[in-house]
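The values are calculated or read from the model by the stated rules, or taken from the named source; none is laboratory data. All values derive from a computational prediction rather than experimental measurement. No Cβ is skipped: glycine too gets one built from the backbone with ideal geometry, and neighbour counts run over all protein chains shown.
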Amino acid sequence: MPALRTLRRLAALLAAASALALAGCASYIETKVTNFNAWPADAAGASYSFGARPAGSSELEQSTYEQYVSEQLQRLGLGLKPAAPGQKGRLLVDVAASGSQRTVRSLQPVYQNYRVFVPSRPGPNGTVLPGYWTQDMYGGQYVGDREVARTLQVSRLKVQIHDQGRSVYESTAVYEGGLENLPDMVVYLARAAFDDFPGRNAETRVVRFDTPAANQLQNAEPARTPPATAR
């Protein structure tokens, strides 16, 4: 049993050390992107315009998100360009951003630190050393698990592109993690939605953005990871 307690104690210490290391080194934002596409071969150089503003959205907020998407469309190397004022482009782009929160629960081990009594014992020159209380040499003992709740921010951006009424590109980018403001996250989600455009149809991928500093949102670069299973 002492050996078992020691192993449990070491496992707890290693888990704590790993968590601290991850917390200290985490310098990226992770998004999950799902794409569906049937991109037309003759879309190069086409004009585009944005669809109606989603019900209940702020005009200024929506126009900001559309600007993020517009920047990505113009970075694709396809020569896409905004339609002239008052006119509709060949491509119609719908942009919808939303934010919510959800609670996740997990179990964490609980360890109890016990004190043990060391009895009196013979000392030098016929003396007797008194007994005393001290910490258990085997460390804390596992006594069970406790439930821990954590609130996650879920930020979502959905982009749909229609070519003369036919859907040719649908991308949904989702961030799920620490409590971040939706406007701060959409700039990442817009870049993720068009990363590796147009991509494979019906594919879900993870796209990470390096964030060396909190004030360098616009300069964050995507770091690609292997595709996840399409859902």
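Applying a threshold of 9 Å to beta carbon distances and a minimum spacing of six or more residues, or different chains, the list of pairs starting in segment 49-67 at a residue that is touching a residue at least 40 places away in the same chain (Cβ under 8 Å) and assigned to a helix (DSSP H, G or I) and ending at one that is surrounded by 14 or more Cβ atoms within 10 Å (Cβ to Cβ) and of a type in the set (Ser, Thr, Tyr) reads Tyr65/Ser57. For segment 68-101, the set of residues classified as charged (D, E, K, R), in a loop (DSSP other than H, G, I, E, B) and surrounded by fewer than 16 Cβ atoms within 10 Å (Cβ to Cβ) consists of Arg75, Lys88, listed by residue number.
Here the condition is being out of contact with any strand residue (DSSP E or B) (no Cβ under 9 Å at 6 or more places or on another chain), of a type in the set (Gly, Ala, Ser) and modelled with pLDDT of 85 or more; of Ala23, Ala44, Ala19, it holds for Ala44 alone.
Hey, among the residues in segment 114-129 that are assigned to a loop (DSSP other than H, G, I, E, B) and surrounded by 10 or more Cβ atoms within 10 Å (Cβ to Cβ), which one's modelled with the lowest pLDDT? Before the answer, list the steps.
Applying the first criterion (assigned to a loop (DSSP other than H, G, I, E, B)) to segment 114-129 yields 114, 119-120, 123, 127.
Subsequent filtering for residues that are surrounded by 10 or more Cβ atoms within 10 Å (Cβ to Cβ) retains 114, 120, 123.
Values: Tyr114: 80, Ser120: 86, Gly123: 84.
So, considering only residues that are assigned to a loop (DSSP other than H, G, I, E, B) and surrounded by 10 or more Cβ atoms within 10 Å (Cβ to Cβ), the one modelled with the lowest pLDDT is Tyr114.
Would you check if Arg75 is under 20 Å from Thr172 (Cβ atoms) and at pLDDT below 90? Answer is yes for this residue. The sole residue among Val104, Val110 that is of a type in the set (Val, Ile, Thr), in contact (Cβ under 8 Å) with a residue 24 or more places away in the chain, out of contact with any helix residue (DSSP H, G or I) (no Cβ under 7 Å at 6 or more places or on another chain) and loosely packed, with under 11 Cβ neighbours inside 10 Å is Val104. Here the condition is being modelled with pLDDT of 95 or more, part of a helix (DSSP H, G or I) and of a type outside the set (Ser, Thr, Tyr); of Leu189, Leu157, it holds for Leu189 alone.
Do the conditions hold for Phe50, that is, is it modelled with pLDDT of 90 or more and within 27 Å of the chain's Cα centre (by Cα)?
no
The set of residues in segment 131-152 being part of a strand (DSSP E or B) and either among the charged types (D, E, K, R) or touching a Ser or Thr at 6+ places or on another chain (Cβ under 8 Å) (or both) consists of Asp145, Arg146, Glu147, Val148, Ala149, Arg150, Thr151, Leu152. Selection within segment 135-172: residues that are surrounded by fewer than 10 Cβ atoms within 10 Å (Cβ to Cβ) and farther than 30 Å from Leu80 by Cβ. The member of this set that is nearest to the chain's Cα centre (by Cα) is Ala149.
Looking at segment 26-41 only, could you name the residues that are touching a strand residue (DSSP E or B) at 6+ places or on another chain (Cβ under 9 Å) and modelled with pLDDT of 90 or more? Glu30, Thr31, Lys32, Val33, Thr34, Asn35, Phe36, Asn37, Ala38, Trp39, Pro40, listed by residue number.
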